[in-house]
1. Between D56 and R151, what length in nm is gained on full extension when 0.36 nm per residue of separation is reduced by their alpha carbon distance?
2. Mind putting a number on the dipole of the chain about its Cα centre? Charges go on the C-beta only, +1 for Lys and Arg and -1 for Asp and Glu, and I need it in Debye to the nearest 20.
3. When the chain is fully extended, how far beyond the present Cα-Cα distance does I96 get from D73, taking 0.36 nm per residue of separation?
4. At 0.36 nm per residue, minus the direct Cα-Cα distance, what do K49 and R11 gain on full extension? Give it in nm, one decimal, please.
5. Suppose we take every Cα in region 1-83 and form the convex hull; what volume per residue is that in Å³?
6. Please sort 67-73, 147-153, 121-127 by packing, taking for each peptide the average over its residues of neighbouring beta carbons within 10 angstrom, highest first.
7. Once Rh for region 21-156 is found with the Kirkwood sum over Cα pairs, what is the Stokes-Einstein diffusion coefficient at 4 °C and 1.567 mPa s, in µm²/s?
8. Given the options I105, A150, F6, identify the residue whose Cα lies farthest towards the positive end of the charge dipole of the chain (+1 on Cβ of Lys, Arg; -1 on Cβ of Asp, Glu).
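We did not get these values from a lab; they are worked out from the coordinates using the rules stated. For clarity, every value in this text was computed on a predicted model and none was experimentally measured. Cβ placement follows ideal geometry from the backbone for every residue including glycine, while neighbour counts extend to all protein chains displayed.
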Amino acid sequence: MSKSEFLSIIRDILATEEFQRMKKYRHHVKGNLYDHSVKVAYLCYLHHKKHGMDVDLAEFVRGALLHDYYLYDLHGCGRHRFHWFRHPRRALENAIRHYPGLTMIQRDMIRRHMFPVTLTPPMTREGWLLCFYDKVAAVDDRLRGSRRAARRKKRK
Ligand SMILES: [Fe+2]
Ligand SMILES: [Fe+2]
């Protein structure tokens, strides 16, 4: 289990212009979409290393990394209303376009990661795990955001 192994699995995706752009997309109050996606992928990496899984490590981690690959800034783009229902489909379309070798497991992970907000549950174990770790990361993002805001307030 190492950070360098984790990074070697996702380095090529992180280096792309599209993925770098996600640093500018605000996510969960104070965070950005890039950090959130890497966090979710890392939680999946740790799960795979700790529990061992039948699925290939890189397949699982890269699928997790691309789960929010919808490539627009939610804030101020006018898509807000249906974003929570529609962005998994958009993320999947982008991921398929940029990574044509996407497996059925990775497609299921990306497409179903918003369950139960979207009604159809994942069909794979990996999809369920991504659902779980995405929510863990979302809570962590929000807690960090409010802690940061509280510290800033204190300093004033
Ligand atoms: Fe999402
Ligand atoms: Fe997410």
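1. 30.1 nm
2. With Lys and Arg at +1 and Asp and Glu at -1, about 1380 debye.
3. 6.3 nm
4. 11.8 nm
5. Value for region 1-83: 103 Å³ per residue.
6. 67-73, 121-127, 147-153
7. 84 µm²/s
8. About the Cα centre, the residue reaching furthest to the positive side is A150.
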